[in-house]
Amino acid sequence: MAQVQSLERSLSIMEYLARDPAGASVAQLSQEMGLAKSTVHRLLQTLMARGYVQQDQQYGHYQLGVQCLTLASHFLGQLDIRNLAKASLMQLSKDSGEVVHLCILDRNEAVYIDKVESQQTLRMYSQVGRRAMLHCTGVGKALLVGFDEQQVERLIQEKGLPRFTDTTITEAKQLEDEIKQIRQQGYAIDEQEHEKGIRCIAAPIFDYEGKVSAAISIAGPIERMTKERVQKDLPSVMLQHSQLLSKKLGYRGCSKSTQMISGESLR
C-alpha cells in the first residue's frame, strides 16, 4: 500500500510525543526519526497550526496539543461499550473499593478505554489510552479467551512473552493452559504478573456473535486484593457484571459465568 511520507512522519512524531509527556526538542525528534532538523521543524509547525502539537513556553519542548484530546473524545464517544458499561464500572468500584477498568483489543494489545478510580488512599497507577500486553495482565488474559490456537501462536511470534515479574507467564504451554482455565471458570487473575504488588481479577465481555468484545477488571494493591478475596469474594460480582454487559451487547449463549452466578458447579 502506498504511503504518504509526510503524513507518516507526522504521525510518527505524534506517537513519539505521546510516549513522553515531558515532550521533546527538535534535536531529540531529529535524532530519533533520522530526519533533518529542518524537516522536523517544518512538520511540527504544520501540526502546531492544526492544534495537534503545542510548544512548552518555558523549555521549548514540543508536546501533544489539545486537538488530540478532541479527536480522542469523539472516538471514545463512538464506543458504545463505554456507555453500556458505565453503570457496571461504577457499581464494581463501589462494591470492591478498588479501581475498575474497561479494555478492548487492538493490534494484539489491551487498550484501557475507561476506568473508575478507587477512593482508597493507596492507589495503583493506570491511565485511559494506555496499552498493555495480553499474556501478563488480567484484562489481557480475559481478552485471550477469544483467540484460537493459531492466533495465540501468532501473538507469541509477534509480541513474545517477556518477563515483568517472577510470576509472569513466559512459556507458550503455560499460557495455553491458563487460557483453558479462564474459559472454564469465566474469569482471569493477574497474580502480580505485570507489576509487583498489584493483583487483579478480570472477565471477558461477549457480543451478539459470541465474540470477545471487551474485558473488565478490578485491580489494587495486594494488601487489599488478597488471594482469598480474589478467589472467593470477587469472582461472583465480577461475573455478574460481565454477564450483564454481554447480554446488553446481545450475547445469548450460556457461559461459565452464568453457571457460577446461579451456583452451579464449574467442574
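Of the residues LEU239, LEU143, LEU47, the one that moves most in a GNM of the chain with alpha-carbon contacts below 10 Å is LEU47. At an R0 of 35 angstrom, the distance between the Cβ atoms of ALA27 and ARG107 translates into a FRET efficiency of 0.70. Helix 172-185 and the longest principal axis of the Cα set of the chain meet at an angle near 50°. Just list whichever of LYS211/LYS247; LYS196/LYS227; LYS159/LYS247; LYS159/LYS248; LYS180/LYS248; LYS115/LYS159 have alpha carbons separated by over 23 Å in the model shown. Beyond 23 Å: LYS159/LYS247; LYS159/LYS248; LYS180/LYS248; LYS115/LYS159.
In this label model, TYR208 and THR167 are separated by 4.0 nm, measuring between points 7 Å along each Cα→Cβ vector. Dipole magnitude for the chain: about 440 debye, using +1 per Lys or Arg Cβ and -1 per Asp or Glu Cβ, origin at the Cα centre. Computed over the chain with a Gaussian network model linking Cα atoms closer than 10 Å, the most mobile of ALA110, ALA85, ALA202 is ALA85.
Net length available on complete extension from GLN57 to ASP233 is 58.3 nm, with 0.36 nm assigned per residue and the Cα-Cα distance removed. Counting only the Cα atoms, the range 5-71 fills a convex hull of 80 Å³ per residue. Note on VAL66 and ALA18: the extension gain reaches 16.0 nm, defined as 0.36 nm multiplied by sequence separation minus the Cα-Cα distance. Once you list every other residue whose beta carbon is under 15 Å from the beta carbon of LEU175, what net charge do they have if Lys and Arg are +1 and Asp and Glu are -1? So the environment of LEU175 carries a net charge of -4. Once the C-beta distance of LEU11 and ARG183 is scaled by a Förster radius of 51 Å, the resulting FRET efficiency is 0.85 to the nearest 0.05.
Each semi-axis of the equivalent ellipsoid for the chain is √(5λ) with λ an eigenvalue of the Cα gyration tensor; in descending order they amount to 37, 20, 19 Å. Between LYS159 and ARG130, the contour length at 0.36 nm per residue exceeds the Cα-Cα span by 8.8 nm. Comparing GLY34, GLY186, GLY250 in a Gaussian network model of the chain where C-alpha atoms under 10 Å apart are linked, the largest mean-square fluctuation is found at GLY34. Across the chain, Cα pairs under 8 Å and at least six residues apart give a relative contact order of 14 percent.
Every number in this text was worked out from the coordinates using simple rules, so none of it is lab data. Fair warning: this is a prediction, and the values are worked out from it, not measured in the lab. In this analysis, Cβ positions are derived from the backbone assuming ideal geometry, glycine residues included, and neighbour counts consider all displayed protein chains.
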